[in-house]
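Reading through the C-alpha cells given below for one structure.
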Amino acid sequence: MLGLWNLGEGKFHAKLAAKDGRALIKAAYRLGIRDFSSAYSYNEADSILASAMHELHADDWRIYTKAMPVPTLKRKTETMLRRLGRDFLDVLMLHWPADDENLYRSMKDLESIAAAGKVKAIGVSNFPLNLLQKLSHDFDISYHERPLSLIWKKDWAEEKQLQIKTLAYAPLGMGLLSGKYHSIDNIKDSRKDIEAASSPALYKLVDFISGPEEALSWVYGEEPYGVISGFSSEKELKVLSAVHEIPQDRRKMLKMLSDDIEASFSCDNIFSHNWRR
C-alpha cells in the first residue's frame, strides 16, 4: 500500500511536488500497487491521486482514508469524494482519538455514512489498545491504522488478538531506519523530537540491521493486514522487491534491540501523544 502523507504539508517530511507525486503514484501502480492511504488533512494528495489514476485510465484502485472525529465529519467526507472524483470511499477511519462525546458521535456518523453507501468499511487510526478494545465493543470496527516498526511496536502482540484488520504505517520508523541516521545529530527535522531519536538503542539497531530492506521485511513478517510505505521517489520503490523472510535467530536479535528502544518511550504513541484512559 502506498502512503500519500508526503504529498501534503507536514513537519516530519519534505512535501513532494505534485508532478513528482503523480509520477510516484503511477510507478507504484505499474508495480502492482492498488491500495492507497490518504487523509482529509493531506489536502491535495487526493486530487494528485485522482489525476494520476485518470492519466492511467485506471479504475481498479482502492482508497483508505481518514478524517478527524469532529462534527464536520460528514462534510469532510463529501469534500474527499469530490477531490477523488468518486462516489464512495473503500475505507474511512477516524484519524485520531478524541473525548468520548465527540468520539462516539463521530463513530455514529461513520455508521450513517456507510449506511448511505458512501463508505464500504469503517475504522480508526492511532488508537491506543485500551481505547481500541473499548470502542470495538460498541461498534463494528473493521480497520485500525497504526505505526508498526522495530522502533514502535507497543501493544502489537495484544492487538493481533483482536478481530480487526491492522494497517501498519511508518514501517521504517519515520525514516529513522533508512540507514541515513547514525546519531541524533544527523536528524535535521522534527523527527529529532521523537523519543526514540534520543535513545542510544536506536543507533545500535541502525548499525545492526542490514538496511531498510530488513527493517521493512520485519514488519511484513509480523503479518499485519496491510503495510503502508511512503516514498519520495520512484527509485525508492525498489525496496519493496527486496522484502524477504528473516531467519529466526536474527529476528530474535532484532526483537531484543527493538525492546530496548520501546523501553525508552514514556508515551503511548510514536508522536509523543498520550491517550491513556
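The values are calculated or read from the model by the stated rules, or taken from the named source; none is laboratory data. Remember, predicted model here, so these are calculated numbers, not experimental data. Neighbour counts are summed over all protein chains in view; Cβ atoms, including those assigned to glycine, are modelled from backbone coordinates with ideal geometry.
Residue count for the range 178-198 under the criterion of being assigned to a helix (DSSP H, G or I), free of Cβ contacts under 8 Å to residues at least 60 places away in the same chain and under 20 Å from V219 (Cα atoms): the result is 1.
Which of the residues spanning the range 184-209 are among the polar types (S, T, N, Q) and under 19 Å from D259 (Cα atoms)? Break it down stepwise before answering.
Applying the first criterion (among the polar types (S, T, N, Q)) to the range 184-209 yields 186, 190, 198-199.
Within the range 184-209, S198, S199 meet the criteria.
Here E213 does not fit the description of being under 29 Å from A242 (Cα atoms), surrounded by fewer than 14 Cβ atoms within 10 Å (Cβ to Cβ), acidic (D, E) and in contact with a helix residue (DSSP H, G or I) (Cβ under 8 Å, 6 or more places away or on another chain). Tell me which residues, restricted to the range 1-13, are farther than 16 Å from Y169 by Cβ and either of a type in the set (K, R) or outside any loop (DSSP other than H, G, I, E, B) (or both). Hit for the range 1-13 is K11, nothing else.
I'm checking my understanding of the structure. Among residues of the range 217-239 that are within 13 Å of the chain's Cα centre (by Cα) and hydrophobic (A, V, I, L, M, F, W, C), which one is surrounded by the fewest Cβ atoms within 10 Å (Cβ to Cβ)? Per the criteria, the residue is F231.
For the range 32-59: of the residues being of a type in the set (A, V, I, L, M) and either in a helix (DSSP H, G or I) or at positive phi (or both), which is nearest to the chain's Cα centre (by Cα)? Quick ask: steps written out before the conclusion?
Step one: of the range 32-59, the residues of a type in the set (A, V, I, L, M) are 33, 39, 45, 48-50, 52-53, 56, 58.
After this cut, where a residue has to be either in a helix (DSSP H, G or I) or at positive phi (or both) as well, the list is 45, 48-50, 52-53, 56.
Details: A45: 15, I48: 19, L49: 17, A50: 20, A52: 21, M53: 21, L56: 25 Å.
The qualifying residue nearest to the chain's Cα centre (by Cα) is A45.
For (1) of a type in the set (F, W, Y); (2) over 30 Å from K26 (Cα atoms); (3) touching a Phe, Trp or Tyr at 6+ places or on another chain (Cβ under 8 Å), each residue gets a yes or a no:
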residue: V206; (1), (2), (3): no, yes, yes
residue: S210; (1), (2), (3): no, no, no
residue: E214; (1), (2), (3): no, no, no
residue: I228; (1), (2), (3): no, no, yes
residue: E262; (1), (2), (3): no, yes, yes
residue: S266; (1), (2), (3): no, yes, no
residue: N269; (1), (2), (3): no, yes, yes
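Among the residues of the range 230-262, those identified as over 27 Å from L2 (Cβ atoms) and either free of Cβ contacts under 8 Å to residues at least 40 places away in the same chain or β-branched (V, I, T) (or both) are P247, Q248, D249, R250, K252, K255, M256, D259. For L16, the conditions (1) hydrophobic (A, V, I, L, M, F, W, C); (2) in a helix (DSSP H, G or I); (3) surrounded by 21 or more Cβ atoms within 10 Å (Cβ to Cβ) are fulfilled apart from (2).
Applying the criterion of being touching a Phe, Trp or Tyr at 6+ places or on another chain (Cβ under 8 Å) and not in a helix (DSSP H, G or I) to the residues of the range 233-260, the residue that is nearest to V124 (Cα to Cα) is V243. The selection criterion, being at pLDDT 90 or above and within 26 Å of I33 (Cβ to Cβ), does not hold for V206. Residues of the range 145-183 that are surrounded by fewer than 24 Cβ atoms within 10 Å (Cβ to Cβ), of a type in the set (S, T, N, Q) and within 14 Å of the chain's Cα centre (by Cα): T166 alone. Take the range 81-116 and flag every residue that is within 22 Å of S272 (Cβ to Cβ), of a type in the set (A, V, I, L, M) and buried (at least 21 other Cβ atoms within 10 Å of the Cβ). Hits for the range 81-116 are M93, L94. When V119 is tested against (1) hydrophobic (A, V, I, L, M, F, W, C); (2) surrounded by 23 or more Cβ atoms within 10 Å (Cβ to Cβ); (3) within 23 Å of Y40 (Cβ to Cβ), just one condition goes unmet, and that condition is (2).
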